[in-house]
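K.L.:
The structure follows.
The values are calculated or read from the model by the stated rules, or taken from the named source; none is laboratory data. This one's a predicted model, so the numbers in the text were calculated from it and none came from an experiment. Every residue, glycine as well, gets a Cβ built from its backbone with ideal geometry; the counts of neighbours run over all protein chains shown.
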Amino acid sequence: MLEPLLGSPLKEQLLYFLMLQGEGYPSGLARSLGRRLFPIQDQLRKLEDGGIVVSRLKGRTRVYSLNPRYAFLKELLPLLLKAYEYLPKKEKEVFKERTRPRKGGKTL
């Protein structure tokens, strides 16, 4: 939906993921989105250079999230939410992937 505006479908997917999950690390994002690691890192670097996302170290892992100080965050979030609503159901499933382990002994 926002690819013409953002210039990249991957950048759009990363923003959806960070909006819905709150944070993510590059290899986890690559696994969830079914993409290679380098393009993920490249787009995250570009988003960070633009001030849209921020990163921090959590142990030895660099974790990315939307920048709460980004000047247009109040405008960006409703735009992302509106665009997300119009995504096909199959595409939405990618962003709702379980990120925590299941409780031991719980049936699938």
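K.L.:
Where the second residue is assigned to a helix (DSSP H, G or I) and the first is free of Cβ contacts under 8 Å to residues at least 12 places away in the same chain and lies in the range 36-48, which pairs have Cβ atoms under 8 Å and are six or more apart or on separate chains?
P.N.:
Listed pairs, sorted by first residue: ARG36/ALA30; LEU37/PRO26; LEU37/SER27; LEU37/ALA30.
K.L.:
Separate question: When you scan the range 24-43, do you find a residue that is within 12 Å of ASN67 (Cα to Cα) and touching a strand residue (DSSP E or B) at 6+ places or on another chain (Cβ under 7 Å), even just one?
P.N.:
Among the residues of the range 24-43, not one is within 12 Å of ASN67 (Cα to Cα) and touching a strand residue (DSSP E or B) at 6+ places or on another chain (Cβ under 7 Å), which makes the answer no.
K.L.:
Every residue in the range 74-87 that is loosely packed, with under 14 Cβ neighbours inside 10 Å and not aromatic (Phe, Trp, Tyr), please.
P.N.:
Within the range 74-87, LYS74, GLU75, PRO78, LEU81, LYS82, GLU85 qualify.
K.L.:
Still on this structure, I have one more. Which number in (1) at pLDDT 95 or above; (2) touching a helix residue (DSSP H, G or I) at 6+ places or on another chain (Cβ under 9 Å) marks the one condition that ARG69 misses?
P.N.:
(2)
K.L.:
Examine the range 76-85 for a residue that is in contact with a strand residue (DSSP E or B) (Cβ under 6 Å, 6 or more places away or on another chain) and either modelled with pLDDT under 95 or in a strand (DSSP E or B) (or both), and state whether such a residue exists.
P.N.:
no
K.L.:
Taking helices (runs of 4 or more DSSP H) that fall entirely within the range 2-65, which contain at least 2 residues that are surrounded by 12 or more Cβ atoms within 10 Å (Cβ to Cβ), modelled with pLDDT under 90 and out of contact with any helix residue (DSSP H, G or I) (no Cβ under 8 Å at 6 or more places or on another chain)?
P.N.:
none
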